[in-house]
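The structure appears right after this line, and notes come after that.
The values are calculated or read from the model by the stated rules, or taken from the named source; none is laboratory data. What you see is a predicted model, and the numbers here were worked out from it, not measured in a lab. Don't worry about glycine lacking a Cβ; one is built from the backbone with ideal geometry, like all the others, and counts go over all protein chains shown. Remember, those area values only see protein heavy atoms, side chains included, never the ligands or the DNA or RNA. Shrake-Rupley method; radii C 1.70, N 1.55, O 1.52, S 1.80 Å.
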Amino acid sequence: MDASELQPISHFLNQLTPFDSLSPATLERCCRALTVGYYGKSSVYVPLDEAHPQLYIVRSGAFEVRSEDGDLIDRLGDGDFFGFPSLLSGDKVSNRVQILEDGLVYHLDPNTFNQLRSESREFDRFFNRAFAKRLRHQSRFKAKELGSTNRVSSLMSKHPLTIDINATVTEAAKLMRDARVSSVLIIDNQKLAGILTDRDLRNRVLAEGLDGLLPVHQAMTCAPTTLASNALVFEAMLLMSQHNIHHLPIIDEQQPVGVITSTDILRGQSSQPLLLIGEIERQHDLDSLISVSKQIPLLLQNLISADARAEEIGRVLTSVTDALTRRLILLNQQILGEAPMPFCWLAFGSQGRQDQAACSDQDNGLLLAHEMDEYAEGYFEALTKAVCAGLDKCGYVYCPGDIMAQNPQWRMTLKQWQTKFDTWVVRPEPKALMHASIFFDMRCVFGPTNLFDSLQDNVLESTKDNDIFLAGMAANSLQVSPPLGFFKKFVLERDGQEVKGIDLKHKGNALINDIARVYALSAGIKEVNTAKRIRLLMEQNIINRKDALNLADAHEFIAHMRLSNQGYQFTHNEPLSNFLKPQNLSSLVRHQLRDAFKVVHDAQAGIKLKFTRSF
Amino acid sequence: MLHTQVLKSRLCWRAFRSHKEQLKNYYQALLPLLDKPLNQVPMVAVDLEMTGLDAAFDQILSIGLVPIRDGQLVLAQAQHKLVKIDGSVGQSATIHGILDNHLKQALTPEAAMEWFLEATLGKVLVAHHAPLDLAFLQNGLTSLLGEKVSLIAIDTLAVERKRLLRQHEVLKEGSLRLGACRDRYHLPIYAAHNALIDALACGELLLAQVASISGTEQVKAAELIG
């Protein structure tokens, strides 16, 4: 027998750690010792023979290892192993292995397994480590978070220093001295009323010649800017640089739970997206902005290759777009002069939802404080044209539907916007709604928030519990189904002869966005980011906890697949698209993707039942 | 049930009619296997490389065997033999990659048939598109033993055709090729093309087919033999 006889098997093992560390002769001996089995879903569990433990090497298919109590220990796909703990420990088999997808499995007998361990240190070490890891019940199938250090909660000081609103500044200063901190939170009736910092004591007390008996509420900053503890560190940095402040109280459920300072953050990290935003804010002309924006695709690729959560990638990229938009507005105002009235720059669609990815187009509009005169019309015409053109040159192409601030149709006063929304809400024609749905994902990127709030409050007031409108929105969102056919096979999009694959955006994430939007509008929720909408819907018991978590997971998983697919396309110099070819997936991932689409399908059935009453 | 009885009586008849002890044993060893559930039946996946497709004048070049025991392919007992031929491999070398000088160490056709009969004794043959392989083997055995030999086998192609027709699928051209069948069960693609690898590929396909058919009740060997 020459060495190449079982070539497909030796080739497979040769690419598999730790078998890749074996010599060719040993590898061939190992191949010869294998038996090959096939496990079908119909038998549910892999029959594990207690008397004959062996190493199972998964060649294809998907399996789940569960403990005696049914806890998930591991999910396995091509090139993964099971059965080694009892081979190493000699204990009897206690875990069960459930078959998720039919698969081919190689079995290695204990004698050969032990021989290989004694012959190769690497082989031995690999399985000992895997065993130790298994003992810690580590699950490997979750997408990595950007790193827990990237949440505000990981960097903030946990027990914030607080003082009552009626205390004097001297008392506050003593407290700060003893705790050796630079700020104290001011509490009124168990709620945060303000923050007092070193700088306040200097500027508002000492420099004014006031004495230490001054009550803290006269020296503090009232109603300070705050963040939630699960916000990204990066968002904290953004707020600080926007408002030129160094302390941010962290609030969860209206209770102060910590404080984060610029020093905390500096200690934490130096972050690439923030550097990019800093750079954007330093540029003084369009050409230099364009050259800075060339880094955005690279930023996206770095985030993808760091295996960041898709939701975080969306928020980071959108923050860059927001910064770019603001910078363009400010630069053009330097040329055109002060605006004749307050206005808000509105972002719709993906920028509104903070889930931008590669090759986003722009969807924006302008909200004006009051009617324009001739001068104002000319001013905003010039401003919006310049900003939209700038965004286009920076890689955010013009909106094909012309939903842009440079289109006079989408430059309106508060009154006009309200009337516009009313036409959609009062007479929800399916066709009109199809185009209008992106407007309901709106966010203010620039301008006074109170102006924007009055528009949003008004819109939500009219949509909340508005059965007819919600039925229209729900029916509209049900027009596309997730790509699962009969027998749970994937339905692939075709372009003539060519198979384009699964459309992860329009048949996946867009459907979840639609579902979250309908629920959010029905409950009058202001948030427009899909993940946050789902979280709020769960907290308000509008969607039950299990469904909400499933939907959020499905959203994250599909978005993650879409981004990593684009990462693959990018590194292989292919044009970026939303289409994924399922044959390129391992069965484990195929299984998870199918589960995710199943969740979307179920959630669609949910809104159908809740909002569209078909008699 | 009826099918099993017909198969059994046919095997008994062949054993009775045969004048060769070797062949009598071969047929009789198969008899008790027919009513057993498939995962208890010893089987052997077989594949041949030939100089062409016509059993009347093309010759066997190599034989690959992979035994199946307790529903698992046993690679330790997998065997691959090259067979001497009259003349040259000619153009067929482009398909199987066996060149004339490979065949210098090969078995004579007679020795190969002796070996085959011994290696497959008491095991049900499994092949993809079995009629073709059986025709070559039967010819070889007939000229070795001097009496007509007729073999039985599980044909994974026939199993697949039946399964697809039962699902009311339209059979497209090429959809029953070994590679296409394996793809349907997400079995890995094996690039190499020799008798041993194809026997392995065919054996794996059978395991996958059995897993998908069996569900609750267990399939008996006779049900799959054409």
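Structure values in brief
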| quantity | calculated |
| --- | --- |
| Cβ pairs under 9 Å, 6+ apart, first in segment B:147-160 and open to solvent by less than 10 Å² (accessible area, probe 1.4 Å), second assigned to a loop (DSSP other than H, G, I, E, B) and modelled with pLDDT of 90 or more | B:Thr156/B:His128; B:Thr156/B:His129; B:Glu160/B:His128; B:Glu160/B:Leu176 |
| Residue count for segment A:77-97, restricted to those that are modelled with pLDDT of 85 or more and in contact with a Phe, Trp or Tyr (Cβ under 6 Å, 6 or more places away or on another chain) | 5 |
| Candidate set: segment B:56-73, residues that are of a type in the set (Gly, Ala, Ser) and open to solvent by 20 Å² or more (accessible area, probe 1.4 Å); chosen: the one farthest from A:Tyr56 (Cα to Cα) | B:Ala56 |
| Residue satisfying condition, being open to solvent by 20 Å² or more (accessible area, probe 1.4 Å), closer than 18 Å to A:Val259 by Cα and either among the acidic types (Asp, Glu) or in a helix (DSSP H, G or I) (or both), within set A:Leu175, A:Leu192 | A:Leu175 |
| Output for segment A:10-31, where each listed residue is under 40 Å from the mean Cα position of the chain (by Cα) and either within 21 Å of B:Ala78 (Cα to Cα) or facing chain B (nearest Cβ under 8 Å) (or both) | A:His11, A:Phe12, A:Leu13, A:Asn14 |
| Test: residue in segment B:158-171 that is within 11 Å of chain A (Cβ to nearest Cβ), among the β-branched types (Val, Ile, Thr) and out of contact with any Gly (no Cβ under 8 Å at 6 or more places or on another chain) | no |
| Residue within segment A:192-208 that is modelled with pLDDT of 80 or more, touching a Lys or Arg at 6+ places or on another chain (Cβ under 6 Å) and under 21 Å from A:Leu161 (Cα atoms) present | no |
| Failed condition for B:Thr94, given (1) of a type in the set (Val, Ile, Thr); (2) open to solvent by 60 Å² or more (accessible area, probe 1.4 Å); (3) within 12 Å of chain A (Cβ to nearest Cβ) | (3) |
| Odd one out for B:Glu223, checked against (1) modelled with pLDDT of 90 or more; (2) out of contact with any Gly (no Cβ under 9 Å at 6 or more places or on another chain); (3) among the acidic types (Asp, Glu) | (1) |
| Condition check for A:Ile245: open to solvent by less than 50 Å² (accessible area, probe 1.4 Å), within 23 Å of A:Ser229 (Cα to Cα), modelled with pLDDT of 85 or more and outside the structural domain of A:Gly390 (by TED's automatic domain parsing) | yes |
| Residues within segment A:468-484 that are without any contact (Cβ under 8 Å) to a residue 60 or more places away in the chain and surrounded by fewer than 20 Cβ atoms within 10 Å (Cβ to Cβ), tallied | 3 |
| Subset of segment A:73-108 [hydroxyl-bearing (Ser, Thr, Tyr) and either without any contact (Cβ under 8 Å) to a residue 40 or more places away in the chain or not assigned by TED's automatic domain parsing to the domain that holds A:Leu34 (or both)] | A:Ser86, A:Ser94 |
| Condition broken by A:Glu50, with the remaining ones in (1) of a type outside the set (Val, Ile, Thr); (2) more than 14 Å from chain B (Cβ to nearest Cβ); (3) open to solvent by 40 Å² or more (accessible area, probe 1.4 Å); (4) farther than 20 Å from B:Gly71 by Cα satisfied | (4) |
| Segments classed as helices (runs of 4 or more DSSP H), wholly inside segment A:212-312, with at least 3 members that are under 21 Å from the mean Cα position of the chain (by Cα) | A:233-243, A:272-282, A:296-305 |
| Options A:Val589, A:Val599, A:Val528: the member that is open to solvent by less than 80 Å² (accessible area, probe 1.4 Å), in a loop (DSSP other than H, G, I, E, B), in the same structural domain as A:Leu478 (by TED's automatic domain parsing) and touching a residue at least 40 places away in the same chain (Cβ under 8 Å) | A:Val528 |
| Criterion (within 12 Å of another protein chain (Cβ to nearest Cβ), crowded, with 21+ Cβ neighbours inside 10 Å, more than 23 Å from A:Leu585 (Cβ to Cβ) and touching a strand residue (DSSP E or B) at 6+ places or on another chain (Cβ under 8 Å)) met by exactly one of A:Leu6, A:Leu34 | A:Leu34 |
| Residue in segment B:180-194 that is nearest to the other protein chains (Cβ to nearest Cβ), counting only those that are in contact (Cβ under 8 Å) with a residue 12 or more places away in the chain and within 19 Å of the chain's Cα centre (by Cα) | B:Asn194 |
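Per-residue answers, yes or no, for (1) more than 27 Å from A:Ala231 (Cα to Cα); (2) β-branched (Val, Ile, Thr); (3) not assigned by TED's automatic domain parsing to the domain that holds A:Met412:
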| position | (1), (2), (3) |
| --- | --- |
| A:Gly314 | no, no, no |
| A:Val320 | no, yes, no |
| A:Ala323 | no, no, no |
| A:Arg327 | no, no, no |
| A:Gln334 | yes, no, no |
| A:Ala339 | yes, no, no |
| A:Ser350 | no, no, no |
| A:Asp363 | no, no, no |
